Amino acid sequence: GDTGTGKPPQFQVAQQLHRQLPLDFVLLLGDNLYGANPHQKFELPYKPLLDAGVPFYAALGNHDRQSETNYPPFHMNGRRYYAFQKGPAHFFVLDSNRLDPAQLAWFESELAASKSIWKIVVLHHPPYSSARFHGSATHLRPLLEPLFQKHHVQLVLSGHDHVYERLHPQHGTRYFVEGASGQLRAGNLKKGSPLTAFGFDTDRSFLLFELTPAALRFQCVSRTGQVVDSGVIPAAP
């Protein structure tokens, strides 16, 4: 999340990501291209991954442009919101900049039709966050949480706050904030927040997932290659 700076820390995170190959795909949680310039801010840092054939799937952030939906490497195919399936998981990529009735109706229809074991939502603005700068996008909760609960969404991935945070489950759904893959607000997490299961706000990082029908294994890896958080989430019974 919040990758697209074109600055050295983004390249360093990308190098750590390259060390994880083979990878099936990469999710971008928004703010993919600060001020455009996809060559410097996407194609160069992730060239080893692109050369290896790893696809990227992007969500729109508040610093992104509508034209990114037509940028082929982001696999958005001209759409602000879309869904795709990989193995036992169904991914629903939302545009949290404008969560209008048409998008919500599409989202509920897609959720209702999904037969996947895992339902995972990808969006930029976090419904829950303990960061001081932005914090929780509380206006999203009444729009999305009833759908998450009705259709058993297990996992929500977001960026926007330039920290890493794994949150305690909220109403049966687990939330991760990873907005520190290119940008960082050091020390921005509120200490002692009841929302936080684990937080890391001292360096850039990315999330690595291994998904099976039975469980999801996760690691948060820092810019220097340190595993700062890890765990296993079982699939819902």
- Starting from the Cα gyration tensor of the range 1-85, take the square roots of the eigenvalues, sort them a ≥ b ≥ c, and report rounded, prolate or oblate (rounded when a/c is under 1.5, otherwise prolate if a/b is larger than b/c, else oblate). oblate
- Provide the per residue accessible area, probe 1.4 Å, for the chain, rounded to a whole number of square angstrom. 43 Å²
- Binned Cα-Cα distances of the chain, short to long, each 10 Å bin given as a whole percent: 8, 35, 40, 17, 0
- Item | Residues with amide H under 5 Å from that of Arg174, placed H, sequence gap 5 or more | Leu155, Val156
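Please compute the contact order of the chain in relative form: average sequence separation of alpha-carbon pairs under 8 Å and at least six residues apart, divided by the residue count, as a percent.
18 percent
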- Tally up the carbon and sulfur contribution to the accessible surface of the range 1-86 as a whole percent, 1.4 Å probe, everything protein left in place. 50 percent
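Keeping the other protein chains in place, figure out the carbon and sulfur percent of the accessible area of the range 116-237, with a 1.4 Å probe. Walk me through the numbers on the way to the answer.
On the way: 2630 of 4970 Å².
Taking all protein chains in place, the range 116-237 shows 53 percent carbon and sulfur surface.
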- Largest-first principal axis extents of the Cα set of the range 57-186 (Å): 41, 36, 29
- Message: I'd like the distance separating the alpha-carbon centroids of the range 170-229 and the range 29-60, in whole Å.
- Response: 20 Å
- Query: Which percentage, to the nearest 5, of the DSSP beta bridges contained in the chain is antiparallel?
  - Reply: 65 percent
- Here are some pairs, Lys41/Lys119; Lys47/Lys86; Lys119/Lys150; Lys115/Lys150; which of them have Cα atoms lying more than 21 Å apart in this structure? Lys41/Lys119; Lys47/Lys86
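The values are calculated or read from the model by the stated rules, or taken from the named source; none is laboratory data. Predicted model, so just to flag it, every value in this text is computed and none were measured. Ligands, DNA and RNA are excluded from the accessible area calculation, which covers all protein heavy atoms including side chains. Shrake-Rupley method; radii C 1.70, N 1.55, O 1.52, S 1.80 Å.
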